[in-house]
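Heads up, the thing below is written out as structure tokens.
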Amino acid sequence: MPLSEVTSVAGFGEGANTHSAHRVQFYNHDGYLISSVVEHLSSTLLRGGVGLAFVTEPHREQICERLHLSGVPSEVVEAHCILVDAAYGLSCFMRGTAPDRRLFNSTLGDFLAPHSTAAAQGVAAFGEMVALLWAEGKYDAAIQLEQLWTDFTDQHAVQLLCAYPLSYFSRADDGKRFAQVCAHHSSVIPAESFISGIVEEDQAREVAELQQRAAALAKEVEARKHAEARLRANQVELESIVQQRTAALRKLSLQLLKLQDIERRRVARELHESVGQDFAGLKMNLDLARHFPHNTELWDKCDQLLEHCIHEVRTLSNLLHPPIIEDAGLPSAAEWYVQDFAKRSGIRVSFHGLDALSVLSDQSRLVVFRALQESLINIYRHARATHAEVSSSSEENSITLTVADNGVGMDLKKVEQFNSSGASTGVGLTSIRERVRELGGHCHITSSPQGTSLTISLPK
Ligand SMILES: Nc1ncnc2c1ncn2[C@@H]1O[C@H](COP(=O)(O)OP(=O)(O)OP(=O)(O)O)[C@@H](O)[C@H]1O
Ligand SMILES: [Mg+2]
């Protein structure tokens, strides 16, 4: 029904209307809102006028109940109180993202037309449609709808009450929008946190504005508290990670120190047992040769001892840092080491595919060489093997080295722990695993009473 028909049937004349009002109520709790709405509607209904309320579903029942309690007979409510679902009301005149003026006016007309006689005694309207739009973030549409209501109340004797929860304006940058909403109303009613005593409209607006700022501040304080709590939790987590890493680092450096110590003892032993003994023998022979300078057998022995010393010193220095890796490449260095090991240990060692090792980076080469040394020495010390086999192959993205023996096998618990975490083995295997993993590779041991096999794999 067009607006002209509404005004004619409603009988609440056109033009500037001194009986009109467009008030806005802010609230914190539903209970307070319901009391205000019931007070607003009941006085008009009891005077024989019409109540028109666009309400959200949770408020509808409470309003009916409270109207009854406030003395409005149920037949009056039934006859003259029009309760419309706010979402449905919006669907009648929203087109796209904006309210349509013509549809808005005709919608109000459609609801009021059947009550034209009572409407002459006054119309009290209440609307939550703007709050619904606001909750969906459709601020512009809400302000446009406020304007349509203002125009409507300008032309018709309607006492209109709008309502918004104060929490809708609790962000720091909501101040401007809050002021905009207030500006569209003839009077502003602050939320219940400020009780009465206000007589002047200016004072009420000021109080409402302060309430909005307080709500925004409270929210900001809450957000900061949350952020601080999150920060504290992160800090605790970070500290615990640092502690764990520090402990792991300390353990590793202890292991390395131990390893260095073991290495030094080995070198000292080698020097003492091999070169030291040779030099002692050489000294004795030289003393004898001083007395028997023409004894050629003595000089030959001195020669042999010196040769042996030179050989031992070269071997030792090669073991400590194999320059042969840089000079001749890893395949040749590995071959030299394997052959030398076989000679010194008496264990037969076969090897194949070592050329595949030539593509490895400098860092990886040294790690592979150390792994080869450690696994062969382990075979010598622990496996009681007669035969070992060293092999290497090139896969799509990696190079693998396998050192296997036909010895007594390894304790299966140790094998399992080594494969899963690297724990519970000696420094030798642990440090191989650590070094290989540092380079992005991995190690694996398989073992049975027929022998043990260690495979390391490094990226190309
Ligand atoms: N080839 C093998 N055959 C049988 N047992 C082995 C073999 N290799 C290693 N093991 C077992 O695994 C254990 C751990 O070896 P790992 O090299 O880590 O330490 P280690 O040789 O005892 O001491 P180190 O720290 O001086 O190397 C050995 O003590 C031994 O019991
Ligand atoms: Mg070892």
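The values are calculated or read from the model by the stated rules, or taken from the named source; none is laboratory data. Bear in mind the structure is a predicted one, so any value in this text is a computation, not a measurement. Neighbour counts are summed over all protein chains in view; Cβ atoms, including those assigned to glycine, are modelled from backbone coordinates with ideal geometry.
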Under the condition of being at pLDDT 90 or above and hydrophobic (A, V, I, L, M, F, W, C), which residue from the stretch 407-428 is farthest from L256 (Cα to Cα)?
V408
I need a count of the residues in the stretch 347-390 that are under 43 Å from the mean Cα position of the chain (by Cα) and either within 13 Å of ligand 1 (Cβ to nearest atom) or assigned to a helix (DSSP H, G or I) (or both).
17
From the list R245, R266, exactly one residue is surrounded by fewer than 11 Cβ atoms within 10 Å (Cβ to Cβ) and under 57 Å from the mean Cα position of the chain (by Cα). Which is it?
R245
Residues in the stretch 379-403 that are more than 23 Å from H321 (Cα to Cα), within 16 Å of ligand 2 (Cβ to nearest atom) and not basic (K, R) total 4
Could you please find all residues in the stretch 117-145 being acidic (D, E), in contact (Cβ under 8 Å) with a residue 12 or more places away in the chain and surrounded by fewer than 22 Cβ atoms within 10 Å (Cβ to Cβ)?
D140
Return the pair list, or none, for Cβ contacts closer than 7 Å from residues in the stretch 252-265 that are away from ligand 1 (no atom under 12 Å from the Cβ) to residues that are in a helix (DSSP H, G or I), at least 6 apart or on different chains.
L252/E434
If the requirement is being closer than 20 Å to Y164 by Cβ and in the same structural domain as L160 (by TED's automatic domain parsing), which of these qualifies: V181, V207?
V181
Which residues, counting only those in the stretch 418-441, are assigned to a helix (DSSP H, G or I) and either more than 10 Å from ligand 1 (Cβ to nearest atom) or of a type in the set (A, V, I, L, M, F, W, C) (or both)?
F418, N419, S420, V427, L429, I432, E434, R435, V436, R437, E438
Those residues of the stretch 442-460 that are on the phi > 0 side of the Ramachandran plot and in a loop (DSSP other than H, G, I, E, B) come to a total of 0
Matching residues in the stretch 353-378 - criterion: being free of Cβ contacts under 8 Å to residues at least 40 places away in the same chain and within 16 Å of ligand 2 (Cβ to nearest atom)
L372, L376
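Conditions (1) modelled with pLDDT of 90 or more; (2) within 60 Å of the chain's Cα centre (by Cα); (3) not in a helix (DSSP H, G or I), marked per residue:
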position: P293; (1), (2), (3): yes, no, yes
position: R314; (1), (2), (3): no, yes, no
position: I325; (1), (2), (3): no, yes, no
position: A334; (1), (2), (3): yes, yes, no
position: V338; (1), (2), (3): yes, yes, no
Scan of the stretch 405-426 for residues that are within 16 Å of ligand 2 (Cβ to nearest atom), in contact with a strand residue (DSSP E or B) (Cβ under 7 Å, 6 or more places away or on another chain) and not β-branched (V, I, T), ordered by number:
D405, G407, G409, M410, F418
Kindly evaluate P114 against the criterion of being crowded, with 22+ Cβ neighbours inside 10 Å, modelled with pLDDT under 95 and not small (G, A, S).
no
